[in-house]
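Have a look at the structure below before the remarks.
What follows draws every value from the coordinates through simple rules; no lab data is involved. Here the structure is a predicted model, which is why all the values come from computation and not from measurement. Cβ atoms come from the backbone with ideal geometry, glycine included; neighbour counts cover every protein chain shown.
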There are 2 protein chains.
Amino acid sequence: MTPKPADADFIARLTKDLPAGTLRPADPRYLEEPRGKWTGQPTYVALPRSTAEVSTIVAACHAAHVPVMPYAGGTGLVGGQISQSGPAPLILSLERMTAIRAVYPAENVLVAEAGAILTDVQAAADEANRLFPLSLASEGSARIGGLLGTNAGGVNVLRYGNARDLCLGLEAVLPDGQIWNGLKRLRKDNTGYDLRNLLIGSEGTLGVITAATLKLSPRPARTATALMVVEGPQSAVDLLSHARDIAGEAVSAFELIDGTGLRFLAATLPDIRLPFADAPNWVVLIELGVSAQLDPNAMLETLFETGMEAGLVSDGLIAQSQAQRDEFWSVREHIPEANKRVGAISSQDISVPISLVPAFIEEGFKRMAEFGPMRINSFGHLGDGNLHFNIFAPEGQTKEDYTDQSEAIRLALHDLVHEMDGSISAEHGIGRLKVKDLEIYGDPVKLAAMRQIKQALDPHGIMNPGAVLRA
Amino acid sequence: MTPKPADADFIARLTKDLPAGTLRPADPRYLEEPRGKWTGQPTYVALPRSTAEVSTIVAACHAAHVPVMPYAGGTGLVGGQISQSGPAPLILSLERMTAIRAVYPAENVLVAEAGAILTDVQAAADEANRLFPLSLASEGSARIGGLLGTNAGGVNVLRYGNARDLCLGLEAVLPDGQIWNGLKRLRKDNTGYDLRNLLIGSEGTLGVITAATLKLSPRPARTATALMVVEGPQSAVDLLSHARDIAGEAVSAFELIDGTGLRFLAATLPDIRLPFADAPNWVVLIELGVSAQLDPNAMLETLFETGMEAGLVSDGLIAQSQAQRDEFWSVREHIPEANKRVGAISSQDISVPISLVPAFIEEGFKRMAEFGPMRINSFGHLGDGNLHFNIFAPEGQTKEDYTDQSEAIRLALHDLVHEMDGSISAEHGIGRLKVKDLEIYGDPVKLAAMRQIKQALDPHGIMNPGAVLRA
């Protein structure tokens with residue numbers, strides 16, 4: 001039996017099993033990709049209010065062989081939530097399931113439904129005097145289900161880990177519509193295979209996450225933030241080593257900022273205040289979070305002095321107020337928007353072993369030079385070995401001039417990542433954008449195992465077909 | 001085709017494909033369980049020297065439908081490494097694959113083969129001025145492959161996580177004999193399903209781990225250790241909250257010690273020096289590890305004073321030397337040996353949400369009272385909500401007097417764990433000992449998914465059959 005689209009007939013039948021208003025034609029907003037790269041095919045959206053309704057919907061899709069695409073905040077950057085071809089999937093949006101079901105401050109645990117927006121989860125943790133450390137640019141619209149479905153990263157991974165490291169348990173609807181209740185709030189539980197981590201990062205292809213038990217942390221009593229001008233990527237990596245010697249695990253963010261990015265900001269977002277008069281070539285943003293007994297500003301001063309003495313640092317600013325901290329972060333966080341305005345030919349989200357980051361940047365620049373005097377904005381989560389390596393047309397040209405070279409550029413960079421035993425998707429996932437590259441660069445034995453697992457759990461291939469694995 | 005035993009014919013054929021001395025009849029030591037509970041059936045052992053040889057062995061087993069049982073340190077407590085029935089499996093011991101393949105201090109990464117003994121990995125990290133924080137009683141003989149295969153826990157989980165949290169990548173031989181090279185040393189890698197975490201904790205039923213990329217940590221510059229006498233489990237939980245308020249993430253161990261355990265020590269291991277003259281009813285062992293700027297002893301003093309004021313603590317000792325620290329830990333670490341000498345009727349390895357630990361102990365005592373005036377030693381990793389809840393015959397009786405009640409006792413306690421949404425195996429795994437209990441208490445939807453995954457990856461059912469899932 002071949003897959004069938006979520007057509008009017010199917011929707012009419014499913015409507016009878018659900019409360020009024022649960023199913024409707026999908027508004028354009030469900031079909032748009034955040035960077036405007038593609039548009040999804042017209043279809044329907046389901047807006048369940050409960051896990052039981054999610055189960056009803058998925059079971060019906062399973063029985064009728066109709067594809068279903070879980071949808072959270074719609075902020076994904078690899079097309080995991082945009083279906084352009086094949087039988088039209090029913091979009092299953094979790095946006096009505098936003099409850100914070102419980103907070104257990106003494107246990108450092110919070111239980112949230114999959115539709116909860118990240119900033120709302122952060123706020124609920126904050127109210128309990130705890131920290132939910134997941135933080136990224138789209139946090140005002142990204143939802144927990146999507147963040148876990150894609151194993152999101154962000155700026156605090158260095159200290160607190162990826163989304164999967166912040167999850168203790170899941171409730172999910174599996175591809176046959178059955179509800180797995182795995183909402184444990186335990187730190188240790190060795191009762192069988194790790195279904196939780198299998199679903200996390202599977203991008204909606206193995207089931208629908210409906211709720212999660214999340215791990216909270218104590219809030220650091222004192223936080224300090226600095227920008228330091230470094231000579232280059234190797235100096236930045238060396239400075240990170242010094243930062244860890246001084247502050248240990250208290251280094252919560254260590255972000256690399258490229259002078260190209262600062263110039264893009266100046267050109268496209270003039271309202272963003274830039275901390276240095278002339279854009280330096282390389283800057284790092286460092287944040288420390290420590291307990292009340294320690295002085296993080298003094299630690300940053302020590303780091304600055306150590307860095308100066310070692311010839312790693314040539315200038316620096318330590319934020320003197322929350323407003324200034326916000327200003328520093330605003331620079332970092334607006335770089336993707338500036339990139340979008342300039343218009344990248346190709347945007348990579350890669351990681352390599354951290355000691356190889358400088359070599360990657362150097363060799364990446366060389367390989368790009370073969371395409372022309374490209375502008376490169378190479379920024380990101382240096383502490384995790386995760387770079388966003390974005391390629392722009394030479395001054396005076398546009399990305400349209402390089403449309404036919406965009407794939408060659410991407411593959412040249414992914415070749416390099418592969419040579420360095422890195423990852424072609426550090427934090428954004430595979431979605432539909434990188435399916436081909438995963439086939440090229442992924443370990444074939446792992447890929448075969450992935451296909452076997454997909455076939456076993458979703459024999460009709462209804463869960464987000466075409467994402468991660470070719471449909 | 002039904003499974004076939006690893007008999008002399010099969011071994012004779014396989015011998016031709018392997019270097020001399022790789023296959024031999026299994027010595028008794030491979031067939032013994034650490035607590036002497038069962039003996040494995042006679043069979044052969046394979047002692048490969050390389051991943052390629054592991055691949056040859058597993059591929060041959062796959063082709064011939066002969067079961068294969070990965071074997072690491074042999075220290076597991078749930079019979080995952082002991083086969084008593086069914087076609088005799090070939091024991092595949094990793095003991096010759098002990099290399100530390102590489103250490104990357106700047107990246108906090110170490111690559112070890114599966115046969116490396118935990119203390120050797122700790123020492124290699126230490127030589128690089130780093131910490132590999134996994135630590136447990138059997139660390140002198142437990143091997144990395146087994147520690148990952150069972151997702152081992154131990155005394156530092158509170159701060160550093162379980163074995164799975166300390167692993168960045170794996171090399172493994174899958175059930176068809178193919179080698180998955182997943183030895184990445186990346187902090188972020190979202191390229192497909194999380195095969196690493198699926199293998200970790202699968203107890204050798206989905207493949208053989210042959211090597212692992214392990215995560216190191218900075219070594220805490222200063223460590224301090226204390227024993228504090230608390231009124232009961234609730235006081236211990238409250239004291240943990242205070243400890244975290246004072247020391248944050250620096251609390252690296254928080255162990256509960258039961259007066260019954262101290263009395264068992266005095267009776268069976270008189271050489272172990274007990275720090276308090278009369279065994280208190282409840283003691284906690286607390287360890288802090290901090291950076292050079294902080295004074296962990298002062299923190300413990302503050303905790304002691306806070307605890308006294310709050311009526312949680314009545315007495316305490318802060319270790320004044322490394323020798324005294326070792327003495328405190330020796331008390332904690334010899335409790336399992338004392339238990340073994342006294343002879344438990346039933347030993348549980350359970351976890352519940354940490355705020356429910358006091359209620360679990362109280363209600364557990366009540367339910368045990370229905371069986372008689374049982375002696376209970378309830379100790380363990382309180383900070384993780386993980387208790388080893390061991391039941392002993394009343395004074396003057398032996399475990400043999402309760403043989404016929406041992407199952408009822410176990411089920412009564414597991415019922416209670418289940419009511420509290422806890423885990424019937426916090427850190428030891430399922431092995432063969434808890435297969436039935438997993439069927440009783442496990443989520444049926446998860447169990448069905450586990451069987452589908454097992455069938456998909458190991459269609460002939462050759463990998464450690466009968467462990468985790470009924471063969």
Task: Added length on full extension, which subtracts the Cα-Cα distance from 0.36 nm per residue, B:Trp38 to B:Glu439 - done: 142.2 nm
TODO: Only bridges with both residues in segment B:220-342 count here: give the DSSP antiparallel percent, nearest 5.
DONE: 100
- [ ] May I ask you to sort A:Ser252, B:Ser202, B:Ser406 by Cβ crowding, counting other Cβ atoms within 10 Å and putting the fewest first?
- [x] B:Ser406, A:Ser252, B:Ser202
Open item on the list: Please rank B:Cys61, A:Cys167, fewest neighbouring Cβ atoms within 10 Å first, as an exposure proxy.
Closed with: A:Cys167, B:Cys61
Open item on the list: Need one word for segment A:320-391: rounded, prolate or oblate. Basis is the Cα gyration tensor (sqrt eigenvalues a ≥ b ≥ c); a/c below 1.5 gives rounded, then a/b vs b/c decides.
Closed with: oblate
TODO: Could you list A:Lys188, B:Lys184, A:Lys399 in order of exposure, starting from the residue whose Cβ has the fewest other Cβ atoms within 10 Å?
DONE: A:Lys399, B:Lys184, A:Lys188
- [ ] May I ask which residue of A:Val417, A:Val468, A:Ala12 lies farthest towards the positive end of the charge dipole of chain A, with charges of +1 (Lys, Arg) and -1 (Asp, Glu) on Cβ and the Cα centre as origin?
- [x] A:Ala12
Open item on the list: Taking B:Pro459 in one copy and the same position in all the others, each labelled 7 Å out along Cα→Cβ, what are the pairwise distances from the first, in nm, shortest first?
Closed with: 1.4
Open item on the list: Give the separation of the Cα centroids, segment B:2-42 to segment A:306-322, in Å.
Closed with: 62
- [ ] Kindly state, to the nearest 0.05, the FRET efficiency for A:Phe276 paired with B:Ala266, given R0 = 45 Å and r defined as their beta-carbon distance.
- [x] 0.10
Open item on the list: I need the inter-copy label distances for B:Phe365: point set 7 Å along Cα to C-beta, values in nm with one decimal, smallest first.
Closed with: 6.9
Task: Contact order relative to length of segment A:222-332, as percent, for alpha carbon pairs under 8 angstrom and 6 or more apart - done: 48
Open item on the list: Taking every pair of distinct Cα atoms and averaging 1/r, then inverting, what Kirkwood hydrodynamic radius in Å comes out for segment A:379-420?
Closed with: 11.9
TODO: Would you work out the charge dipole size for segment A:222-332 about its Cα centre, treating the Cβ of every Lys and Arg as +1 and the Cβ of every Asp and Glu as -1, and quote it to the nearest 20 debye?
DONE: 280
Open item on the list: Give me, ordered by chain and number, the residues 5 or more places off B:Glu32 or on other chains with an amide H under 5 Å from its own placed amide H.
Closed with: B:Gly40
TODO: Please report, in debye to the nearest 20, how large the charge dipole of chain A is about its Cα centre when each Lys and Arg carries +1 at its beta carbon and each Asp and Glu carries -1 there.
DONE: 1660
Task: Residue mean of other protein chain beta carbons inside 10 Å, B:350-361 - done: 3
Task: Phi-based couplings in Hz for segment A:210-216 (Karplus 6.51, -1.76, 1.60; Gly and Pro marked x) - done: 10, 7, 8, 8, 10, 8, 9
Open item on the list: Defining the label point at 7 Å along Cα→Cβ, can you sort the distances from A:Ala8 to the same site in each other copy, shortest first, in nm?
Closed with: 7.7
Open item on the list: Defining a contact as two alpha carbons under 8 Å apart and six or more residues distant in sequence, what relative contact order in percent does chain B show?
Closed with: 16
Open item on the list: Which one, B:Ser321, B:Ala112, A:Gln234, projects farthest toward the positive side of the charge dipole computed for the protein assembly as shown from Cβ point charges (K/R +1, D/E -1)?
Closed with: B:Ala112
Open item on the list: Suppose we keep just the DSSP beta bridges with both residues in the protein assembly as shown; what percent of those would be antiparallel, to 5?
Closed with: 90
TODO: Calculate the dipole size of the protein assembly as shown relative to its Cα centre from +1 charges on Lys and Arg beta carbons and -1 charges on Asp and Glu beta carbons; express the result in debye to the nearest 20.
DONE: 2240
Open item on the list: In the protein assembly as shown, if the dipole is taken from +1 on Lys/Arg beta carbons and -1 on Asp/Glu beta carbons about the Cα centre, which of B:Val121, B:Ile440, A:Ala72 is farthest to the positive end?
Closed with: B:Ile440
Task: Nonlocal amide H pairs with B:Val313, under 5 Å, H built at 1.01 Å - done: B:Met308
Task: Prolate/oblate/rounded label for segment B:1-122 (Cα gyration tensor, a/c 1.5) - done: oblate
Open item on the list: Using each residue's phi in segment B:371-382, evaluate 6.51 cos²θ - 1.76 cosθ + 1.60 at θ = phi - 60° and report the 3J(HN,Hα) Karplus result to the nearest Hz, with x for Gly and Pro.
Closed with: 8, x, x, 5, 8, 10, 10, 10, 9, x, 8, 4
Open item on the list: Need one word for segment B:100-218: rounded, prolate or oblate. Basis is the Cα gyration tensor (sqrt eigenvalues a ≥ b ≥ c); a/c below 1.5 gives rounded, then a/b vs b/c decides.
Closed with: prolate
Task: Inter-centroid distance (Cα atoms) of segment B:404-438 relative to segment B:205-241, Å - done: 23
Task: Kirkwood-based Rg to Rh ratio, segment A:222-332, C-alpha trace - done: 0.96
Task: 5 angstrom amide H check on B:Ala211, placed H, neighbours 5+ away - done: B:Ala114, B:Glu171
Open item on the list: Can you give the log10 of the normalised intensity I(q)/I(0) at q = 0.06, 0.07 Å⁻¹, computed with Debye over equal Cα scatterers of chain B?
Closed with: -0.27, -0.38
Open item on the list: Taking every DSSP beta bridge with both residues inside chain A, roughly what % is antiparallel (nearest 5)?
Closed with: 90
Task: For segment B:108-180 and segment B:336-373, distance of Cα centres in Å - done: 29
Task: Anchor A:Lys37: lysines whose Cα lies under 20 Å away (excluding residues fewer than 8 positions away in-chain) - done: A:Lys340, A:Lys399, A:Lys434, A:Lys436
